[in-house]
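In what follows, a structure is listed as structure tokens, so that the remarks can point back to it.
Values quoted throughout were computed directly from the atomic coordinates according to the rules given, and no laboratory measurement underlies them. Remember, it's a predicted structure, so these values are computed and weren't measured experimentally. Ideal geometry is used to build each Cβ from the backbone, glycine not excepted, and the neighbour counts take in all protein chains shown.
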Amino acid sequence: MFNRRESENMETATNSSIATMLEALSPRKVTPMATKRRSDPAECITELVGSFIPLELETRPTVSTAAAAHYLHLAQQTMRIYACKENGPLRPRRINGRLHWVTADIRKLLGVQQ
């Protein structure tokens, strides 16, 4: 069937392909936050966790539409409709043409203490 040399070559190829697969499946390396120069600690936490930080720990005076929708368990488009029609439970602030939702208002609506 196979001679010894071919068998050793196949074993080496298999071992290297397994090592390559394990390397590809290993978790990605995270770069230190100091190299990214984030000024807001909430952004650092959000980036490390990969999600939104709890509303109790939010320190920013306003949050993005994505964050507000997350906290209120609504779709982002729903938040934008509230802003457009001005008929929702919250009113956003428009800063440089972007919607920002006041964190204190979100906390008050949900009954969350800081």
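Can you list the residues, at least 5 places off or on another chain, whose amide H is less than 5 Å from the amide H of Thr62, using H built in the peptide plane?
Thr103
With a point put 7 Å past each Cα toward its Cβ, work out how far Ala66 is from Arg98 in nm, to one decimal.
Simple spin-label model gives 1.1 nm for this pair.
For labels at Gln77 and Arg91 in the simple 7 Å Cα→Cβ model, what's the distance in nm?
About 2.7 nm separates the two model spin labels.
Need the C-alpha centroid separation for the range 60-79 versus the range 94-111, integer Å.
About 8 Å separates the Cα centre of the range 60-79 from the one of the range 94-111.
For Gln113, what is the net charge nearby, where nearby means another residue's Cβ is under 13 Å from its Cβ and Lys, Arg count +1, Asp, Glu -1?
Net local charge, Gln113 excluded: 0.
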